[in-house]
1. Sum up the lysine pairs in the chain that clear both bars: alpha-carbon distance under 22 Å and a spacing of 8 or more or different chains.
2. In nm, what is the difference between 0.36 nm times the number of residues separating His323 and Val278 and their Cα-Cα distance?
3. If you bin the C-alpha pair distances of segment 229-306 every 5 Å from 0, what whole percents do you get?
4. Measure of size requested: the Rg and Dmax of segment 166-247, with Cα atoms as the atom set and Å as the unit; please supply both.
5. When only C-alpha pairs under 8 Å and at least 6 residues apart count, what is the relative contact order of the chain, in percent?
6. Of Pro353, Pro186, Pro329, which has the largest mean-square fluctuation in a 10 Å C-alpha GNM of the chain?
7. Restricting the calculation to Cα positions, tell me the Rg (one decimal) and the Dmax (whole number) of segment 41-156 in Å.
8. Cα atoms only, segment 76-136: Rg and Dmax in Å?
Amino acid sequence: MTTQHTRIAIVGGGLAGLVAAWKLQQQGVRDVVLFEARANVGGRILSVDSRGSSVDMALPALDRFDLGPSWFWPSMQPQLDRLVAELGLERFEQFEDGDLLVEHSAEQSPQRVRGYVNNPTSMRLAGGTGALVAALHARLDAAVVRTGQTVRQLRLGSTHVELTVDDAAGDPTIWHDEQVLLAVPPRLAATRMQFDPPLPPHLARRWQGTPTWMAPHAKYVAVYDTPFWREKGLSGGARSGAGPMGEIHDVSIPGGHAALFGFVGVPARVRRQVSDEVLRTHCRAQLVRLFGKRAGAPMGDALKDWAADPLTATDDDQDASDHHAAAPPCSADAGEWHGRLIGIGSEWSVQFPGYLAGAVDAAERGVQQIRTSNDRWTKEPAA
Ligand SMILES: Cc1cc2nc3c(=O)[nH]c(=O)nc-3n(C[C@H](O)[C@H](O)[C@H](O)COP(=O)(O)OP(=O)(O)OC[C@H]3O[C@@H](n4cnc5c(N)ncnc54)[C@H](O)[C@@H]3O)c2cc1C
């Protein structure tokens, strides 16, 4: 088996991994490789087209509907907002005009109440949150991002970290890197990757004990020709005790198709006993109860159960947690792994753990940290 060498390996091609790769490239560091286990970059940022079909996340398009994150809050998250501006992306306010529907039980008709506007306003991106992924991917050197590559083991050598990376067929390649940025959720790293020597026990415990934000959840989206609910003065927002969706929002695209999405309130362990098709049928039926017959015939719909995705959730993520966990330490403060391994997934952000803004924060800090810990870097001309 041949061994390949790079200075820095990034494990994970979600927002954190892509931001780190781009920041390194901007600083003239070109000896970088990014391994992404899925066939697509983006991680928890995942979109479908207006038919509800999968898309290539590396390609931008206007009509994209998020099965992962949809919102950010620029006034509280200036670092992410700066990235959005730097990438030339357009942002717009979440549509919230009109009345909200409240469904107390399946037996009672939904009640119409005056809607409210979130403060600060939730913002969305033209082309969906995937626009961030496509814009970052387009700026990276073609050789950097390697999809379908799962990092299985990290072994410490005297001058390098040895990564065992499996391709989609399970065939391994060995890589030697001076430093590794772990752009995956901490719990996933501690559960699914082998570290030799093992991580310091207190660090492994903290990583293992950090819930991955939104991993227990599932999201359903239905796409329509027009936002017909607005004709009745409805915002498209709903809250329901009857389910299966507990919270519904309008995610129409200005200049594109209309859409509604909902967070499925049925716990992950119960969802596992029901097929996606059955759950989608129940979601459509709920939309008919709330918004009328037209809601039962979307031009496309999609459901993503994040709890069932082994590249996001572990067994410990099957039960919902409603708060953002405090960030665990992102590296070993002493011992053999010290200075070799830095966690940069969103959950490692002290300021915004679990959020998109956290992925940007943790990635930028990680890049800064390896810069300052490694004065052997020789600068090459910036891109
Ligand atoms: C349904 C849902 C709604 C959300 N809503 C919002 C919102 O509105 N606003 C907000 O701010 N945040 C929201 N979030 C959270 C947001 O999506 C995350 O904070 C952010 O996307 C995390 O990015 P990341 O790069 O840190 O991790 P991830 O996106 O999880 O990326 C990790 C990557 O690592 C890859 N990987 C895993 N294991 C390996 C391995 N062994 N080898 C190689 N690659 C590997 C994965 O495939 C993945 O691509 C939501 C999340 C979900 C699921």
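1. Lysine pairs satisfying the spacing and distance rule in the chain number 4.
2. 13.3 nm
3. Whole-percent P(r) values from 0 Å outward: 3, 14, 28, 27, 17, 8, 3, 1.
4. 21.8, 62
5. Details: 877 pairs, mean separation 86.0, N = 383.
So the answer I get is 22 percent.
6. Taking springs between Cα atoms under 10 Å, the residue moving most is Pro329.
7. 18.5, 62
8. 16.6, 50
FYI, it's all coordinate maths here, none of it is from the lab. All values reported here derive from a predicted model rather than from experimental measurement. Reconstructed Cβ throughout: ideal geometry from the backbone, glycine too, with neighbour counts over all protein chains shown.
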